[in-house]
1. Can you tell me the length gained on complete extension of the stretch residue 92 to residue 74, counting 0.36 nm per residue apart and subtracting the Cα distance?
2. If R₀ is 30 angstrom, what is the calculated FRET efficiency for the pair residue 117 and residue 45, using the beta carbon separation as r and rounding to 0.05?
3. Considering only 19, 97, 80, whose Cα is most displaced toward the positive end of the charge dipole of the chain, charges sitting on Cβ of Lys, Arg (+1) and Asp, Glu (-1)?
4. Charges only on Cβ, +1 for Lys and Arg, -1 for Asp and Glu: so what's the dipole of the chain about the Cα centre, in debye to the nearest 20?
5. Which percent of Cα-Cα pairs in the chain sits in each 10 Å bin, short to long?
6. What net charge is computed for the residues neighbouring residue 56, neighbours being all others with C-beta under 11 Å from the C-beta of residue 56, Lys and Arg scored +1, Asp and Glu -1?
7. Would you mind working out the magnitude of the charge dipole of segment 66-121 relative to its Cα centre, with +1 at each Lys and Arg C-beta and -1 at each Asp and Glu C-beta, to the nearest 20 Debye?
Amino acid sequence: MCWSGPLSAEAAHSPRIVAVDARVDPAACRTMVEVRHGVDALDRALVALLAERQRYMEAAARIKPDRDAVHDDARIEDVVTKILAAAEAHHLSPEIAEPVWRTLIDRSIAHEFSVYDRTRR
């Protein structure tokens, strides 16, 4: 994966395994160049995963029967609970995981509302 150019439209919208560029393990980093290279590699992979997640939100907007189904408090709490369990298993601080996912969920719901409204006109 590289920053040099966009994927084709077909490749950009197909579910696929997201590769992460080679990088030095964080515990083995000796320079800020190595640290930044690792962070950049992970950021590129995260962008690809978030783009796929967004496409699932677009599918939800297409599938949900009415606008009231877009925002679901029980589902939000279910997602956050699952994320916190996964975060603990991977040693990700809950002080990072929870606010990041709550923001992601909030923005995803806003996007889903936008797609829902745009496709129902």
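1. Numbers: separation 18, 0.36 × 18 = 6.48 nm, distance 2.35 nm.
In short, 4.1 nm is gained.
2. 0.45
3. 19
4. Values: 17 positive and 20 negative charges, 93 e Å.
Magnitude of the dipole: close to 440 debye.
5. With 10 Å bins starting at 0, P(r) equals 11, 31, 35, 18, 4, 0.
6. The answer is 0.
7. Computed charge dipole of segment 66-121: roughly 360 debye.
Quick note: the coordinates plus some simple rules give every number you see, no bench work behind them. Please read all numbers here as calculations on a predicted model, not as lab measurements. No Cβ is skipped: glycine too gets one built from the backbone with ideal geometry, and neighbour counts run over all protein chains shown.
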